[in-house]
Amino acid sequence: MAPGQNGDRRAAIVRTGLLFGLWTILAGTGVADLLVGTVVAALAARVSLNLLSPGPHRVDPATAARLSLRFLLQSVLAGLDVARRAFDPRLPLRPGFIVYPTAAPPGLFRSAFTAFTSLLPGTVPAGPAPARGADAGGIVYHCLDVDAPVAAQLAAEETALAGVIRDE
């Protein structure tokens, strides 16, 4: 067996098991459901391994749980703030764009970060910053209030997300 094949096999088994578990939750445990679920889970695991091969990174479950709770709390608080700003005419909305100077290079983590922050109320990633100039390498965000400390919030979220993935 070639080096790395053991890890690939383990990743395939784990992913197939997780996907099969998800299938049974969604489709049920009838005989036909289990047969189709086995095939679908194996195919989906194969595709996932082609798209995201196993690497030297692992998810820290405790940190992921803390991040999930943080995300839930931040989402509720930010949602209440957005609703308050939308319905109270005395609270001005200053929509516009900012550039967040992320430390993450283009790739998987950066994509995960933009996907994660797209779920937070009040900010939406709008794409990469122009390739030239002071903002090169950053991410453009549309936000409801450009005077709010959006960049500081994004930095805190990037740090929290980075704590979930650790090197082996």
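The values are calculated or read from the model by the stated rules, or taken from the named source; none is laboratory data. Bear in mind that the values here come from a model prediction, so they are computed numbers and not experimental data. All Cβ positions, glycine included, derive from the backbone under ideal geometry; neighbour counts span all protein chains shown.
Overview of values
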| item | result |
| --- | --- |
| In segment 114-168, residue modelled with the highest pLDDT [restricted to those that are surrounded by 16 or more Cβ atoms within 10 Å (Cβ to Cβ) and acidic (Asp, Glu)] | 158 |
| Among the candidates 4, 55, 17, residue that is within 24 Å of residue 112 (Cβ to Cβ) and at pLDDT 90 or above | 17 |
| Single unsatisfied condition, residue 27 versus (1) at pLDDT 90 or above; (2) over 25 Å from the mean Cα position of the chain (by Cα); (3) of a type in the set (A, V, I, L, M, F, W, C); (4) surrounded by 14 or more Cβ atoms within 10 Å (Cβ to Cβ) | (1) |
| Residue count, segment 21-32 (criterion: more than 18 Å from residue 52 (Cβ to Cβ) and assigned to a helix (DSSP H, G or I)) | 8 |
| Any hit, segment 61-69, residues being at pLDDT 80 or above and in contact with a helix residue (DSSP H, G or I) (Cβ under 6 Å, 6 or more places away or on another chain) | yes |
| Single match in 82, 76, 99 (criterion: in the same structural domain as residue 151 (by TED's automatic domain parsing) and touching an Asp or Glu at 6+ places or on another chain (Cβ under 6 Å)) | 99 |
